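First up is the structure itself, then whatever we jot down about it.
The values are calculated or read from the model by the stated rules, or taken from the named source; none is laboratory data. No experiment lies behind these values; they were computed from the predicted model shown. Because the Cβ atoms are built from the backbone with ideal geometry, glycine has one as well, and the counts that use them run over all protein chains shown. When the accessible area is computed, the model is the full protein with side chains, heavy atoms only, and any ligands, DNA or RNA have been set aside. Shrake-Rupley method; radii C 1.70, N 1.55, O 1.52, S 1.80 Å.
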Amino acid sequence: MSHAPTADGPELELVRGVLRAWERRDADWLVEHSASDVELRPYMWTDLPFSGPEGARAFVNEFLAARTRLKFEIERVRRPAGPVAVDVRARGHVQMRDVDFDDHPTFVFWVRDGKLARYEGHIDPAAIEEATARSLPGGG
C-alpha cells in the first residue's frame, strides 16, 4: 500500500531547510532565513548560546565545523508548528575527540515572520516538554 506524500507546512519546511543548511555548513543560507535576533541553543552539546547573524555564522563555521560527516534525519515530527518540534537522529564525528556520535535529540524551532527565530536542542524529557509548551516572546 502506498501513502500519498504529505505536504509540510511552512514552518516545518523551513526547519527541514535549516537542517540541510547545517549539513552543508551553509552559513549564508542560515543567516538569510533567520531573524536578526535569532538565538541557537544546542543544549545537548553546549550551554553556550549563539545569537544574531554573527552567532549563526559561528554556529555553522566553528561549532558545526568541529563535527564532520554531519547528518540529520527527522525520525518523528512532534509538532509541525508553533513551535516545530522534531525528534532527530544526529550522526557525525567529533574531530577534537576523534569519536563518532549517533544521538537522538529533540530539536525545537520557533519561527517568526517565516524566519528562524530560535532553536533549542534537548535530550532531557522534562526540558523537551517545557520547550514545546513555550511560545516565543513577542509572538511566533
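Things to note:
- Of the numbered criteria (1) touching an Asp or Glu at 6+ places or on another chain (Cβ under 6 Å); (2) under 25 Å from residue 36 (Cβ atoms); (3) open to solvent by 80 Å² or more (accessible area, probe 1.4 Å); (4) of a type in the set (D, E, K, R), the one residue 76 fails is (2).
- Applying the criterion of at least 2 residues that are in contact with a His (Cβ under 9 Å, 6 or more places away or on another chain) and among the charged types (D, E, K, R) to the strands (runs of 3 or more DSSP E) found wholly in the stretch 82-136 leaves 84-94.
- Taken as a whole, the stretch 47-55 holds at least one residue that is over 15 Å from residue 108 (Cα atoms), of a type outside the set (Val, Ile, Thr), in a helix (DSSP H, G or I) and in contact with a Leu (Cβ under 8 Å, 6 or more places away or on another chain).
- Residue 68 meets the conditions (1) out of contact with any helix residue (DSSP H, G or I) (no Cβ under 9 Å at 6 or more places or on another chain); (2) within 21 Å of residue 124 (Cβ to Cβ); (3) of a type outside the set (A, V, I, L, M); (4) assigned to a strand (DSSP E or B) in every case but one. The failed one is (2).
- Put simply, of 56, 85 the only residue that is at pLDDT 95 or above, within 19 Å of residue 32 (Cβ to Cβ) and open to solvent by less than 30 Å² (accessible area, probe 1.4 Å) is 56.
- Criterion (touching a residue at least 24 places away in the same chain (Cβ under 8 Å) and either out of contact with any Lys or Arg (no Cβ under 8 Å at 6 or more places or on another chain) or over 16 Å from residue 117 (Cα atoms) (or both)) met by exactly one of 85, 58, 35, 21: 21
- Filter result (assigned to a strand (DSSP E or B) and open to solvent by 50 Å² or more (accessible area, probe 1.4 Å)) within the stretch 16-40: 36, 37
- Matching entry among 98, 102 (being open to solvent by 10 Å² or more (accessible area, probe 1.4 Å), of a type outside the set (Val, Ile, Thr), without any contact (Cβ under 8 Å) to a residue 12 or more places away in the chain and farther than 18 Å from residue 33 by Cβ): 98
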